[in-house]
1. Take the solvent-accessible surface of the protein heavy atoms, probe 1.4 Å, and return the percent of it on the chain that carbon and sulfur atoms account for.
2. Give a quick list of GluC sites (Glu not before Pro) in segment 460-560 that DSSP marks as loop, anything other than H, G, I, E or B, with at most 11 other Cβ atoms within 10 Å.
3. Straight-line reach from residue 535: which aspartates and glutamates have Cα under 14 Å away, leaving out those fewer than 8 places along the same chain?
4. Mean Kyte-Doolittle of at least 0.0 plus a Cα span of 24 Å or more along the axis: flag which DSSP H helices in the chain meet both, please.
5. Under a crude label model (7 Å from the Cα following the beta-carbon direction), how far is residue 375 from residue 321 in nanometres?
6. Could you sort 582, 222 by their accessible area in this structure, using a 1.4 Å probe and putting the largest first?
7. So which GluC sites (Glu not before Pro) in segment 320-376 pass both tests, a DSSP loop state and at most 12 other Cβ atoms within 10 Å of the Cβ?
8. In nm, to one decimal, how far is the modelled label at residue 536 from the one at residue 244, with both set 7 Å along Cα→Cβ?
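The values are calculated or read from the model by the stated rules, or taken from the named source; none is laboratory data. What you see is a predicted model; the values in this text were computed from it and never measured. We place every Cβ from the backbone using ideal geometry, glycine too, and count neighbours over all the protein chains shown. When the accessible area is computed, the model is the full protein with side chains, heavy atoms only, and any ligands, DNA or RNA have been set aside. Shrake-Rupley method; radii C 1.70, N 1.55, O 1.52, S 1.80 Å.
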Amino acid sequence: MKQRLFLFCLLAYFCWPLAVQSKVTLPQLLQSGMVLQRGKPIPIWGTADPGESVIITFRKKQYQTTADAEGYWRLDLPAQKAGGPFELKINELTLTDVLVGDVWLCSGQSNIDVTIERVYPQYPDEIDRFDNNLVRLFRVQNETNTHSVQDDIKPTSINWKPLNKQNAWLFSAVGSFLGLRMQKETGVPQGIIVNSWGGTPIEAWISADSLQRDYPLMVEKTRLYQDDEMVKAQQEANQRANNRWMQLLNERDPFPGPNFQPIDQYELPKFLSPYVKNGQFIGSVYVRQTLHIDRSHAGKPARLLVGTLFDQDYTFVNGREVGRTYYQYPPRRYQIPEGLLHEGENTLLIRFVNKYGVPHFIKEKPYMLIFEDGDTLRLSEQWEAQVGALMPSCPSGDVSLQNLPTTLYNAVLYPLAPYALSGVVWYQGESNAGNPAPYGDLLTKMMGCWRDRWQQQDMPFVIVQLANFMEPSLQPQNSGWAALREQQRLAAKADEHAELACIIDLGETVDIHPLRKKEVAERVGLCFDRLVFKKKVQLSPEVVASDVKGPNITLTFDQPLQAVEAFEVELAGADHRFVNATATANGTKLTISSSIAQPCYVRYAWKDNPLRANLRNQAGLPVSSFELKLP
């Protein structure tokens, strides 16, 4: 027995160094299937035991470095030509299916994050054919950090997946179309990294050092939330308040079923007007209509489209719930299972639940049943209605750490460097439109601190300008959206390594998330054609000179415009009160007739939704909104 124990201890003694020896670890970005940036040094980095030798083998060549006293190591491979797939070996690790091509980082808020699933009805045939192994997709997992920068990001489910319909379904539509577009244009592999978070302001993506001098209160705001116990307590309290509010609502308003007693047929907002207090209807309301199903479609599955609703909805067909959505933006596309619809009259009922605002349908969206054979049944615009329950406001102590300054830079931007990139797409601004004045400065600071992080002062940025949105107006507006567009335009113009992708014609009146994302990606690609690949392409026209002679003002553009009578042109005197003006575009000139004795300012498309804006270049790209002081 003693001899066995001695042999066991002796074996454990000699095997112990092997058992505890740490392996090389890599950041989340470095995985099989990744795309490495061509044409520039390729950083490979990670951790190991202090002093451990790290040997990298790639394309039949070997490179070596040593982990420092903290266990960190980095080795920059020499610039590579496009190609693959290759193996990349790092000590005992082997990464397979590695490609070399171009890598693009797409960041911002929800419009960069709008998925292929959301835009599918816009491009069904093309998306059905998605299948390109040379385009790889990577989605950064959302995370925040109020304290300091992080070394790495969280694991993610979309980690260098090849682009096909399944992998792209819940991936960025702009990113997917950009990858396909650039792969077709260049013929080399494309890597798309999407790092975005809906509703976030630009300051969340900027380092504390960059904000400290000019915006110290922003940094202090984040420091208030560096008490983790306080944050946890507030988050738990907010969740409990929401749960309690819903509990009380459901006690007061059980599902009505056969007890549904409609008041009459009304359009929803008009029906609710007696119940709206201070612009709010808080509680629940039901609307109902009858669907007449013919014999040929009875029992068949169908897809129910009920537009985009405000705010929460629970949707029932013949008493069975077919779908629910907890906030306003997603399109309601609910599947009706086989056997639920019967011949004759069927009941569609929607329960709205609102904690703020007034429940309503969003106009201009599709409201219909779509059957498998392609037949459609449009819904009526008239609904029977009944209030479920009126409620007091829900107590809210919500803590949205992702909206605080620096938190996203710390958690999900800083760890991505030094992964080599070809360029950055920045598609954000909606959350800053309420205070547009500092946006240009913040955008400049953001580009600067990202370039510092990558140690690449010429890192290319394409700024996607805000699209047209909200109700159009025939009269001049003091528009926060237009003012923010101007900040985007001026910041891009002042930066020799940035370009502006103008999409002022691709928006939707009723949706802050317009669906024409392939066209957005095409315009981003054109910007990169000029910015990165130095191609001679024409982007959106820009004013290069202005002249005032008597009652006429002439603006000269950098390229020919389509000949049109121009709309959405406005003039103002020294009082800055703008009025509509008559204008004509011909060649590179825009001639404006002034009704003001001494015009001092001219602006174009200066509205939330300048729907009539029609200045374009010969290729159809729109002129950005702008405001200029006249000579």
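1. It is 50 percent, rounded to a whole number.
2. 496
3. 185, 499
4. Result, helices passing both filters: 2-20.
5. Roughly 3.1 nm, to one decimal.
6. 582, 222
7. 338, 364, 372
8. It is 7.1 nm.
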